[in-house]
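A quick write-up on the structure given underneath.
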Amino acid sequence: MSLKDSVNNAYSSWMTGTGPDNDVVISSRVRAARNLSHFAFPHMLDDDKAQEVIHAVSLALENRGADCKPGKLEINNMIELSPEDRQILVDKHLISNDLLKDHGRKAVVLSEDEAISIMLNEEDHLRIQCILPGMQLESSWLQVNNIDDELEKTLDYAFSEKFGYLTACPTNVGTGLRCSVMVHLPALVFTEQIKKVLPSISKLGLTVRGLYGEGTEPVGNLFQISNQVTLGHSEEEIVQNLVSVTKQLLDQERTAREALYDDRKEYMEDKIGRSYGILKNSRIISFNEVMSRLSDLRLGIDLKIIKDVSPQLVNELIVLTRQAFLNKEAGKELSVFERDVKRANIIREKL
Amino acid sequence: MLCERCQKKEATVFYTEIINGQKKQLNLCEECAKELHSQGFDFMPQLNFHNFLGSILGHNISNFTKTSLGANKCEVCGLSEEEFAQKGLLGCGNCYENFGNTLDSLVRSIHGTNIHNGKVPEKTSDRVKYKKEIESLRSQLKQAVAKEQYENAAKIRDSIKEIEKRLEQEG
C-alpha cells in the first residue's frame, strides 16, 4: 500500500480488533528515539542539513538486506501530502502532531501494513514506531529492535556510554523507548473505580493520557498508558513493567464488566441498545457523542449483546468520523453543522 | 470584537493562557470555542512540558552559574544553557557532555538515575558491552546470594570472571 492509499483508507492493521486480550486492549505501540551523531538535533538544523538527515536514512533503508522484514521501506516527504492527508495520518496514530509543524523538512516511512512507521526530523532525527492490535507489546518491541539493528549497520547513532541513546529532550534519553497501550475501560469508568486506579498507575512510573496523546482529555473511555522513565532500565524491563500493569488493569476491567452485567443486566442492555439505536438513526451527531456511543457499542460487542458489528468497524469509525476524514470525503472544509450531518450519514451507512 | 478564528462572529469566549509569565489571549465566538473544545483543545491553561523542563533547569542555572550566564555554551552546536532553559530541548549529542553537572542533575531528577542500562549499538565497542554485562551479572549475583541460591551464584561469578578475562585480553 502506498502512502496515497493509506490516507484514502481509514483502516490500518492495528484496528483489526484481533490480537490477545482485544476485549480491553485496543492496540500496543512501541517507539524508539534515535539521533545521528554527526548532526545537531532537528530543531537546530537548517533546511539543507535536515534534508541530509533524510537522505542518510534513505540510504540506510536501501542498504537493508533483501530478506529483511517488513519488505521495502520508502520515505515520503510530508510536503507532498495535503494538510488533510497529513492530519489523517495523525488520526490513524501513524505520525505525531509534531510532524505537521514545519513540514517542509519532515518525512515519514511507512510499512505496507502500516504497523511500522518511522518519523524523520520530528523532535529527534528518527522515531521508529511499531503499532499492533491487542496486547502485543513484546512483539512490537522486537519489530522496532530489528529495524533499529538494521539501520544501525549504516547509520552512526548519537550514543554515550553513560547516558545511552542521546535525545533532544532529556526526558527520552537512555533507551529512547516509549511503550504504550490503548485500553478501553468502560466498566471501570462507569463504576467510578477508575478514580482509584489512575492515581495508582502514576505511582508505578507510568502516565495515563487520552486517545490522542499529550494534553488530550479521555474520550470514549479510551486511555493511553505509557512509561514515563526511559533511563536506568533495560528495554525488556520497561516493556514488562507496562505489560504487568496492563494485565492487572485488564483483570479489574473484566471483573467490573461481569459484575455490572450480572447485577444490572437490563440496565446494561438498555444502555447499549439505545446507543446502537442512536448511531444507526441519528441525522446530526458530534464527535464526542460518537465516541461515547461507540464505547457502549464496543462494550456490547464484547459482552455479546451485539452480534452484527465487528470491533474493526468500531475502530475505523473513530478515524472516519474525525474532522480530517469528513473534510476529505466532502472535498471541502465543512462547517461544524455540516460535519455533524456528514458524520451521522457515514455512521448510518456503515452500520 | 470579532472571533479571531473565523473573523465573522462576535467573540464571546475569552481564553487566557499564561505560561512562564507569557500571556496569550484567544478571543473566540461560541461556535469556534465549541469546535476547538470538541477537538480536544483544553480550555484549562496547559503547562507546556518543554518550558516546564527548561524552567527547572533555568532555576538550576541561576543558582549555579549566575555570574557566567550566557557564556556557558555547547562548543559544538552553539546552544547556550539559557536557550536550553527556554526551549527545553538540547542542541546536539555533545550538549550532554558540555553542560556537565547541570544536565547530569537534571537527568537524575527526571529519571531517578543517570546511568543507561539498556541496548548498546552493535558498533559501539565490545568493551562497553562487556562492562554492561558485568554490571548486570553483578546485580544478579547479589540477588542470588540474597535468595541463598549458592549454586546459581557460583555460576554467575564464573561468567563474570570469564568476561573480565576477555576484557583484559583485548586491553
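Bear in mind that the values in this text are calculations on the coordinates, not laboratory data. Quantities reported herein were computed from a predicted structural model and do not represent experimental measurements. Counting neighbours? That spans all protein chains shown, and the Cβs are built from the backbone with ideal geometry, glycine included.
For the reader, a short list of remarks on this structure follows.
- Working note: 222 nm ellipticity from helices only, DSSP H runs with n ≥ 4, each -39,500 (n - 2.57), summed and divided by the residues of the protein assembly as shown, gives -15000 deg cm²/dmol to the nearest 500.
- For B:Asn117, nonlocal amide neighbours, meaning residues 5 or more places apart or on other chains whose placed amide H falls under 5 Å from its own, are A:Gly232, A:His233.
- Average other protein chain Cβ within 10 Å of Cβ, residues A:147-156: 2
- Straight-line cross-link reach from B:Lys131 at under 16 Å between alpha-carbon atoms covers these lysines, not counting any fewer than eight positions away in the same chain: A:Lys162, B:Lys119, B:Lys123, B:Lys161, B:Lys165.
- Legend: residue pairs A:Lys49/B:Lys132; A:Lys265/A:Lys342; A:Lys280/A:Lys332, Cα-Cα distance threshold 29 Å; pairs beyond threshold, A:Lys49/B:Lys132; A:Lys265/A:Lys342.
- Taking one quarter of the surface of the C-alpha convex hull of the protein assembly as shown gives a mean projected area of 29.1 nm².
- The order of A:Arg257, A:Arg209, A:Arg298, going from fewest to most other C-beta atoms within 10 Å of their C-beta, is A:Arg209, A:Arg257, A:Arg298.
- Cross-link partners of B:Lys9 among aspartates and glutamates (Cα-Cα below 17 Å; sequence separation of 8 or more within a chain): B:Glu30, B:Glu31, B:Glu35
- Ratio of Rg to Rh for region A:3-257: 0.96 [Cα atoms; Kirkwood radius as inverse mean 1/r over pairs].
- Mean Cβ neighbour count within 10 Å, used as a protection proxy, ranking A:231-241, B:84-94, A:167-177, A:191-201 highest first: A:167-177, B:84-94, A:231-241, A:191-201
- The angle between the Cα long axis of helix A:47-62 and the longest principal axis of the Cα atoms of chain A comes to about 80 degrees, rounded to the nearest 10.
- As a rough guide to protection, the peptides A:107-120, A:75-88, A:147-160 ranked by mean Cβ packing within 10 Å, highest first, stand as A:107-120, A:147-160, A:75-88.
- Across peptide B:83-93, the average count of Cβ atoms from other chains found within 10 Å of a residue's Cβ is 6.
- Dipole size of region A:264-350 about its Cα centre, with +1 on Lys/Arg Cβ and -1 on Asp/Glu Cβ: approximately 40 debye, rounded to the nearest 20.
- Rounded to the nearest 20 debye, dipole of the protein assembly as shown from Cβ charges on Lys, Arg, Asp, Glu: 880 debye
- In order along region A:256-270, the Karplus-derived 3J(HN,Hα) couplings, from 6.51 cos²θ - 1.76 cosθ + 1.60 at θ = phi - 60°, round to 4, 4, 4, 4, 4, 5, 5, 6, 10, 3, 4, 4, 5, 4, 5 Hz, and Gly and Pro are given as x.
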